[in-house]
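Enquirer: Got a structure for you, written out below as C-alpha cells; questions coming shortly.
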Amino acid sequence: LIVERGAQDMASEIGRFPRLFRGVESVPGLTWPTLAFQGEMRLWLGSLELHIMQLGRGHTKGDTVVWVPAEAVLYSGDLVEYDAACYTGDAYLADWPRTLDRLAELNAKKLIPGRGPALESPEK
C-alpha cells in the first residue's frame with residue numbers, strides 16, 4: 001500500500017490537517033517497512049503471544065488486526081468503530097461483512113476498536 005498510495009495519502013492528510021503537520025518538510029519522506037507479512041504473523045512479547053492477522057478487506061485494502069489469544073482480546077483497527085462516524089472513502093463495502101464475520105469467529109472477550117471506547121464484554 002505504501003508503493004500504491006503512500007505519497008498520495010500523505011499529501012492528502014497534510015492538506016486536510018495542516019495544523020497537525022507543522023514542520024513536515026523536515027521529515028525525509030515515507031518510511032519503508034523493514035518487515036512484511038501475508039496472512040498472519042505471530043510475535044512473542046515475553047510470554048505473551050500476539051497474532052497479527054489480515055482477515056480480509058473492509059475499511060481499507062490493508063486492514064490488519066491484532067489478536068491476543070491468551071486474553072481473548074482483539075484490536076480491530078478501523079474494521080470496527082464504536083460510537084464514532086465511520087469513514088468509508090477507501091472501503092470495500094461488499095467484503096466488509098465477511099471480514100467482520102471472521103472477526104466474530106475469534107470469540108473475543110474484549111474488543112479495542114479503531115475509534116471509540118473499548119468494548120469490555122462480548123455483550124457490547
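The values are calculated or read from the model by the stated rules, or taken from the named source; none is laboratory data. Quick caveat, the model's predicted, so the values are computed rather than measured. For neighbour counting, all protein chains shown are included, and Cβ atoms are generated from backbone atoms with ideal geometry for every residue, glycine included.
Enquirer: Residues in segment 79-96: is at least one part of a helix (DSSP H, G or I) and not hydroxyl-bearing (Ser, Thr, Tyr)?
Expert: yes
Enquirer: Among (1) without any contact (Cβ under 8 Å) to a residue 60 or more places away in the chain; (2) surrounded by 12 or more Cβ atoms within 10 Å (Cβ to Cβ); (3) within 23 Å of residue 10 (Cα to Cα), where does residue 61 come up short?
Expert: Among (1) without any contact (Cβ under 8 Å) to a residue 60 or more places away in the chain; (2) surrounded by 12 or more Cβ atoms within 10 Å (Cβ to Cβ); (3) within 23 Å of residue 10 (Cα to Cα), residue 61 violates only (1).
Enquirer: Can I ask one more? Can you find a residue that is at pLDDT 95 or above, closer than 27 Å to residue 47 by Cβ and among the basic types (Lys, Arg) anywhere in segment 103-116?
Expert: Yes: one or more hits.
Enquirer: Give 74, 119 a once-over and let me know the one that is among the hydrophobic types (A, V, I, L, M, F, W, C) and farther than 20 Å from residue 39 by Cα.
Expert: Of the residues listed, the single one that is among the hydrophobic types (A, V, I, L, M, F, W, C) and farther than 20 Å from residue 39 by Cα is 119.
Enquirer: Can you go through 74, 55 and tell me which one is surrounded by 18 or more Cβ atoms within 10 Å (Cβ to Cβ) and in contact with a Ser or Thr (Cβ under 6 Å, 6 or more places away or on another chain)?
Expert: Numbers: 74 fails: in contact with a Ser or Thr (Cβ under 6 Å, 6 or more places away or on another chain).
Just a single option satisfies the conditions, and that option is 55.
Enquirer: Does residue 74 count as in contact with a Leu (Cβ under 6 Å, 6 or more places away or on another chain) and either outside any loop (DSSP other than H, G, I, E, B) or closer than 20 Å to residue 109 by Cβ (or both)?
Expert: Taking the combined requirement at face value, the residue satisfies it.
Enquirer: Within the bounds of segment 85-93, is there any residue that is in the same structural domain as residue 121 (by TED's automatic domain parsing), within 22 Å of residue 121 (Cα to Cα) and either in contact with a Ser or Thr (Cβ under 8 Å, 6 or more places away or on another chain) or not hydroxyl-bearing (Ser, Thr, Tyr) (or both)? Can you show your working first?
Expert: Let us first name the residues in segment 85-93 that are in the same structural domain as residue 121 (by TED's automatic domain parsing), namely 85-93.
Right, trim to within 22 Å of residue 121 (Cα to Cα) and you get 85-86.
Keeping just the survivors that are either in contact with a Ser or Thr (Cβ under 8 Å, 6 or more places away or on another chain) or not hydroxyl-bearing (Ser, Thr, Tyr) (or both) gives 85-86.
So far as segment 85-93 goes, yes, one or more of its residues are in the same structural domain as residue 121 (by TED's automatic domain parsing), within 22 Å of residue 121 (Cα to Cα) and either in contact with a Ser or Thr (Cβ under 8 Å, 6 or more places away or on another chain) or not hydroxyl-bearing (Ser, Thr, Tyr) (or both).
Enquirer: Within segment 24-43, is there a residue that is modelled with pLDDT of 95 or more, surrounded by 10 or more Cβ atoms within 10 Å (Cβ to Cβ), touching a Phe, Trp or Tyr at 6+ places or on another chain (Cβ under 7 Å) and not in a loop (DSSP other than H, G, I, E, B)?
Expert: no
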